[in-house]
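A.B. asks: Below you'll find the structure I mean.
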Amino acid sequence: MSEVILEAVDIEFSYPDGTNALRRVNLQVKKGEKLAILGSNGAGKSTLFLHFNGIYRPNSGSIKYRGQDVSYDKKALIELRKKVGIVFQDPDSQLFSASVWQDISFGPLNLELAEEVVMDRVQQAMLDTETTDLKDKPTHLLSYGQKKRVSIAGVLAMEPEVIIFDEPTAWLDPRHAREFMELLEKLSQKGKTIIISTHDVDLAYVWSDRIAVMHSGEIIANGEPGEVFLQPELIKRADLVLPWLLEMHGVLVQKGWLSPAIPLPKTREDLFSSIAARSERKLSAL
Amino acid sequence: MINLDAYAYSNALKIVHPAEKLSFAMITLVVCLASPTVITPLIVLALMAGGIIIKAGIPGRFFVKLMLVPLTFLLVSVLTIAFSISPSPAGFWLAHNVGGLTLGIRFPDLITAVHIFIKSLGAVSCLYFLALTTPITEIITVLGKMRVPVIITELMVLIYRFIFVFMEIATTIRRAQSSRLGYISKKSSFRSLSWLFSALFGKVFLKSNELFDTMTSRCYTGEIKVLAKKYPVSLKNYLVLTMLEIPLVLLNLLGR
Ligand SMILES: Nc1ncnc2c1ncn2[C@@H]1O[C@H](COP(=O)(O)OP(=O)(O)OP(=O)(O)O)[C@@H](O)[C@H]1O
Ligand SMILES: [Mg+2]
C-alpha cells in the first residue's frame, strides 16, 4: 500500500515565455492512494500534471515511475502514458473528434488492443460515466458537463493505473459531481491511484487520503487532510478557505457546544451526530 | 448551417449505412450533371426532395429554405449567361436597343441558362441529401475505407471538430464585446472586430498546442485511429439504388 508509484524529484520548469511555473517540486504518490492537490489559479497544478505524463520535460529534476527515472525516449514515454492517464481541465481541448464514440475509442486503440476489447472498454467507460445516451450525438452539441464526462470516459477506457483528473468537478451539476465522486470511489477500490486537482476544499477534505497544497509553483504543504487544514497561516498563504465541516466544528468548539476532545469530523454525519449528543444532554439537564 | 449539421445526427435515415447514402448521393449527382436534358435534373430534384422530406423526415420548410440559399448566386450567374450585348441586332430573341448597342437574350443562350439553372438545383439537392442525412464523421469513415489518403481524412476530422470549437469561442467573444457596447458605432465595430480576430488567432494557436498535448497523453503517435461504427449493410438499399439510377441513365442516353 505504501509503495511509491509516481514521484516528482526536485522539478524545475519554466515556460518558453519565462514564466517560472514549477520550483523544486517534490511529491511522492503512493500506490492506491487518493491524493488531492489544492492551489489557487496559476499555482502550477496543470503544469505538474503534464510532467507526470511526460508531455513536458523538466528543466531540472526528474519524474520517477515505480522508482525508475522516466527516460524521454519514445518507447518509454508510451509506456508511461499507458500507465498514467490525464483527464484535462478543458474538455474542448481534449475531444478531437466530433463523434463521442470515436473519441472514446481513440486511447484504447492506441494501446494496440484487439477491436473487440476496445469496443468492450468503450462500452464500459460510457456506462461508468453515464454517457451511453450521448453516443450518437456530436460532441459540439453537448453541454460542458457532458463533454467533461465524455473526456473522462476517453481516459477510463485506457484503464491506466494512475488517473489524474484536472478539476474534474468544475462545471458538473451536483448530481453528476456526486456520481463522479462515487465513480472515483469505485476506481479507488479497484486499486487505482487517483490524483485530482480542485478548488473545492470541502471535496478535497472529505475525499482524499492526502492533500498537497501548491502555491506559485511550489508545494508548500503535504499531509493528511486534518493536519493540512489545521495550519491557519498556510491556508491563508495559499488563498484557500477552511472546509465548512472544520469551520463549523471550530465555531462549535469555541462557543462551548462541543468539547475540544471530540476528533475532527470527517463527514457531515460525524459532525451532526456529535451536535445531537450534546443538545440532548443539555435538554435533559434543563 | 448549424441546423443542417444537427439534422445529420437526428434524421430518420441516420441508421442507414453511410456508404449507401454516399453512393446514392454521388451517383445521382453524376447522372444529374451528365444529363443532356432538363428532365433528369427535375426528376433528381423531386427524388432528393422526397428522400429528404419523406424518408429522412426533415421539415419541408427547412429544405425549401436551404434550396433558396444558392438561388441568388445561381440567378446572377445564369442571367449573365442568358443576356448578351452586341453591336448588331441579328439573332436576338428578345432585344432592346441602347444607343447603337443591342442588349437582349438569344434563344440558345436562354436554353443553356435554363439548363444550367435546373441542373445546378438538382446537383445541390444531391449534396443536401448527403449533408442532411449523414454525419461528417461517418462520411470521413467511408472515405477512409475508400483509401482516401490518411492525411486528408485526419485533417477533415480535426477541421470539422474545430470549426465548432472556434465558432463557439468567436460567439462568446462577440457576445462579450456587444454586452460592453463594442458594436455601437461603425468605428467601434471595426475595432471590436479586429480584436475578435486577433483574440481568435491567439486561441487557435493555443488550442492546437493543447490538442496536441492531450492527444499525446492518450498515446497518439502520428496516426488517428478510431473505431468505425457498425451499420447494417442493406442489399435492398443497393437494389433500390440501382433501380432508381438505371432509368435515369437510360433517360440521359435517350436524350442525346
Ligand atoms: N502555455 C503556457 N505558456 C506560458 N505560461 C503558461 C502556460 N501555461 C501556463 N502558464 C503559466 O504557468 C503558471 C502555472 O499554470 P498552471 O496552468 O499550471 O496553473 P494551475 O494551477 O493549473 O491553475 P488553474 O487553477 O487556473 O488551472 C501560471 O502562471 C500560468 O500563467
Ligand atoms: Mg489548471
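A.B. asks: Testing the spin-label approximation: label points 7 Å from Cα along Cα→Cβ at residue A:237 and residue B:55. State their distance in nm.
C.D. replies: It works out to 7.1 nm between the two label points.
A.B. asks: Follow-up. Can you tell me how much longer the chain between residue B:65 and residue B:231 gets when fully stretched, taken as 0.36 nm per residue apart minus their C-alpha distance, in nm with one decimal?
C.D. replies: Full-extension gain reported as 56.7 nm.
A.B. asks: Continuing with the same structure: Taking Rh as the Kirkwood radius, which is the inverse of the mean 1/r over Cα pairs, what is the Rg/Rh value for chain A? Walk me through the numbers before you get to the answer.
C.D. replies: Values: Rg = 20.9 Å, Rh = 20.4 Å.
Looking at chain A, the ratio lands at 1.02.
A.B. asks: When a footprinting reagent is the concern and you count Cβ atoms within 10 Å, what order do A:213, B:148 take, fewest first?
C.D. replies: Numbers: A:213 25, B:148 13.
Ascending number of Cβ neighbours within 10 Å: B:148, A:213.
A.B. asks: Taking Cα centroids, how far is region A:105-128 from region A:1-53 in Å?
C.D. replies: 29 Å
A.B. asks: Using DSSP, restrict attention to beta bridges with both residues in chain A and report what percent are antiparallel, rounded to the nearest 5.
C.D. replies: In chain A, DSSP labels about 50 percent of beta bridges as antiparallel.
A.B. asks: While we're on this one: Let a ≥ b ≥ c be the square roots of the eigenvalues of the Cα gyration tensor of chain B; is it rounded (a/c under 1.5), or, if not, prolate (a/b larger than b/c) or oblate?
C.D. replies: oblate
A.B. asks: Another question, then. Would you tally the net charge around residue A:107, using a Cβ to Cβ cut-off of less than 11 Å, leaving residue A:107 out, and scoring K and R as +1, D and E as -1? Numbers along the way, then the final one.
C.D. replies: On the way: positive: A:81, A:82, A:121, B:218, B:225; negative: A:103, A:159.
Overall, the nearby charge balance is +3.
A.B. asks: What FRET efficiency comes out for the pair residue A:59/residue B:212, r = Cβ-Cβ distance, R0 = 22 Å, nearest 0.05?
C.D. replies: 0.60
A.B. asks: Could you run the Karplus curve 6.51 cos²θ - 1.76 cosθ + 1.60 with θ = phi - 60° over region B:140-157 and give me ³J(HN,Hα) per residue in whole Hz, x for Gly and Pro?
C.D. replies: For region B:140-157, the Karplus-derived couplings read 4, 4, 4, 4, x, 5, 7, 6, 5, x, 4, 4, 6, 5, 5, 4, 4, 4 Hz, x marking Gly and Pro.
A.B. asks: Give the distance, in whole Å, between the Cα centre of region B:1-76 and the Cα centre of region B:177-256.
C.D. replies: Cα centroid to Cα centroid, the span is 18 Å.
A.B. asks: Given the -39500 (n - 2.57) contribution per DSSP H run of 4+ residues, what per-residue ellipticity at 222 nm results for chain A, rounded to the nearest 500 deg cm²/dmol?
C.D. replies: Per the formula, -12500 deg cm²/dmol.
A.B. asks: Give the order of A:34, A:74 when sorted by the count of other beta carbons within 10 angstrom, beginning with the fewest. Write down the numbers at each step before the final one.
C.D. replies: Values: A:34 20, A:74 8.
Ascending Cβ contact count within 10 Å gives the list A:74, A:34.
A.B. asks: Follow-up. Whole-Hz ³J(HN,Hα) for each residue in region B:62-76, computed from phi via Karplus 6.51 cos²θ - 1.76 cosθ + 1.60 with θ = phi - 60°, x for glycine and proline: what do you get?
C.D. replies: 5, 4, 4, 4, 4, 5, 6, 4, x, 4, 4, 4, 5, 4, 4
A.B. asks: Hey, rough spin-label estimate for residue A:15 and residue B:6, points 7 angstrom out along Cα→Cβ, what's it come to in nanometres?
C.D. replies: For the pair residue A:15/residue B:6, the computed spacing is 3.5 nm.
A.B. asks: Relative to the compact-globule scaling 2.2 N^0.38 Å, provide the ratio for the alpha-carbon radius of gyration of the protein assembly as shown.
C.D. replies: 1.31
A.B. asks: If amide hydrogens are placed 1.01 Å from N in the peptide plane, which non-local residues have theirs closer than 5 Å to the one on residue A:21?
C.D. replies: A:13, A:14, A:15
A.B. asks: Rounded to the nearest 5, what is the percent of antiparallel bridges among the DSSP beta bridges in the protein assembly as shown? Working shown, then result.
C.D. replies: Values: 29 of 48 bridges.
Close to 60 percent.
A.B. asks: Can you work out the FRET efficiency for the pair residue B:79 and residue A:230, with r the C-beta to C-beta distance and R0 = 60 Å, to the nearest 0.05?
C.D. replies: So the FRET efficiency works out to roughly 0.15.
A.B. asks: What 222 nm value per residue comes from the helices of chain B, counting each DSSP H run with n ≥ 4 as -39,500 (n - 2.57) and dividing by all residues, nearest 500 deg cm²/dmol?
C.D. replies: -23500 deg cm²/dmol
A.B. asks: Starting from the eigenvalues of the Cα gyration tensor, five times each then square-rooted, give me the equivalent ellipsoid semi-axes of region A:74-130, largest first, whole Å.
C.D. replies: In descending order the semi-axes read 19, 16, 11 Å.
A.B. asks: One quarter of the convex hull surface, Cα atoms only: what value does that give for region B:136-225 in nm²?
C.D. replies: Across all orientations, region B:136-225 yields a mean hull projection of 7.3 nm².
A.B. asks: Rounded if a/c is under 1.5, else prolate if a/b is larger than b/c, else oblate: which is region A:88-205, with a ≥ b ≥ c the root eigenvalues of its Cα gyration tensor?
C.D. replies: Oblate.
A.B. asks: Mind sorting A:181, A:158 by how few other Cβ atoms lie within 10 Å of their own Cβ, fewest first?
C.D. replies: A:181, A:158
A.B. asks: If Lys and Arg each add +1 and Asp and Glu each add -1, what is the summed charge of the other residues whose beta carbon sits under 14 Å from the beta carbon of residue A:185?
C.D. replies: On the way: positive: A:34, A:178, A:186, A:190, A:192; negative: A:33, A:128, A:179, A:182, A:209.
Value of the local net charge: 0.
A.B. asks: May I ask you to evaluate 6.51 cos²θ - 1.76 cosθ + 1.60, the Karplus curve with θ = phi - 60°, for each residue of region B:87-97 and list the ³J(HN,Hα) values in order in whole Hz, giving x for glycine and proline?
C.D. replies: Taking θ as phi minus 60°, the curve returns x, 10, x, 5, x, 7, 9, 10, 9, 9, 9 Hz for region B:87-97.
A.B. asks: Next up: Can you pick out the pairs among A:64/A:192; A:30/B:207; A:147/B:207; A:75/A:147; B:119/B:230; B:14/B:145 whose Cα atoms lie more than 23 Å from each other?
C.D. replies: A:30/B:207; A:75/A:147; B:119/B:230
A.B. asks: Let me ask something else. No solvent, one uniform scatterer per C-alpha: report log10 I(q)/I(0) for region B:1-51 via the Debye equation at q = 0.20, 0.30 1/Å, two decimals.
C.D. replies: For region B:1-51, the Cα-only Debye profile gives -0.81, -1.12.
Every read-out reported here was derived from the displayed coordinates using simple, explicitly stated rules and does not represent laboratory data. Note that the structure is predicted; figures quoted are calculated from it, not measured. Here Cβ is always computed from backbone atoms with ideal geometry, including for glycine, and neighbour counts include all displayed protein chains.
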